[in-house]
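Only one structure is covered here, and it is reproduced in the block below.
The values are calculated or read from the model by the stated rules, or taken from the named source; none is laboratory data. Keep in mind that what you see is a predicted model, and the values were worked out from it rather than measured. Cβ atoms come from the backbone with ideal geometry, glycine included; neighbour counts cover every protein chain shown.
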Amino acid sequence: MKVVKSRSDRMPRPGGRGSCELSPSTTGAEHIYMGVFKVPAGAQSRPHYHADCESAVYMLSGRLNVRWGEGLEHAFSLEPGDMAYVPPRETHLLENPSEVEAAEYVVARDAPDEHSVEVPWVT
């Protein structure tokens, strides 16, 4: 058993800040990843996907607009209490539409590392 305490100095990707994670580097996990992330007010991620793993998201606070699909042609919003499933290799981007409130969420993956692949050809 291992406990991971929350911290606010980890920057896993542009537009998002991770405060706590279960991963190989923090616990030695071999088949699971879980992290808590904040997206600052007005920020958005770059278009990306997660190869070879499924992801599940649970919104804690704030709101996120999610665009997804090969050309980011689909969209939905997540609010506190909402969950979303992201299949492997699904291109997506997260945007916090608030000008004042950070959005916070939990993500779990069936792979031990939080690797994402940026998709520069999508705008």
* Pick from the stretch 1-39, criterion of a type in the set (Val, Ile, Thr) and part of a strand (DSSP E or B), ranking: modelled with the highest pLDDT -> VAL39
* Asked: Hey, any hits in the stretch 21-41 for a residue that's crowded, with 19+ Cβ neighbours inside 10 Å, among the charged types (D, E, K, R), in contact (Cβ under 8 Å) with a residue 24 or more places away in the chain and in contact with a Cys (Cβ under 8 Å, 6 or more places away or on another chain)?
  -> no
* Structure fact -> If we keep only residues of the stretch 60-85 that are in contact (Cβ under 8 Å) with a residue 12 or more places away in the chain and of a type in the set (A, V, I, L, M, F, W, C), then the residue surrounded by the most Cβ atoms within 10 Å (Cβ to Cβ) is LEU64
* Looking at (1) modelled with pLDDT of 95 or more; (2) out of contact with any His (no Cβ under 6 Å at 6 or more places or on another chain), find the lone condition where TRP121 falls short. => (1)
* Asked: From the list GLU104, GLU114, which residue is surrounded by 13 or more Cβ atoms within 10 Å (Cβ to Cβ), within 17 Å of MET34 (Cα to Cα), of a type outside the set (Ser, Thr, Tyr) and at pLDDT 95 or above?
  -> GLU104
* Asked: Of these, GLY81, GLY42, which one is under 26 Å from SER23 (Cα atoms), at pLDDT 95 or above, in a loop (DSSP other than H, G, I, E, B) and not charged (D, E, K, R)?
  -> GLY81
* Mind counting the residues in the stretch 87-123 that are of a type in the set (Gly, Ala, Ser) and on the phi > 0 side of the Ramachandran plot? => 0
* Structure fact -> Going through the stretch 45-78 in order, the residues found to be at pLDDT below 95 and over 25 Å from TRP121 (Cα atoms) are none
* Identify all residues within the stretch 54-65 that are within 22 Å of CYS20 (Cβ to Cβ) and part of a strand (DSSP E or B); write none if there are none. => SER55, ALA56, VAL57, TYR58, MET59, LEU60, SER61, LEU64
* To do: Out of the residues in the stretch 88-101 that are more than 15 Å from VAL119 (Cα to Cα) and either of a type in the set (Val, Ile, Thr) or within 13 Å of the chain's Cα centre (by Cα) (or both), state the one that is surrounded by the most Cβ atoms within 10 Å (Cβ to Cβ).
  => ASN96
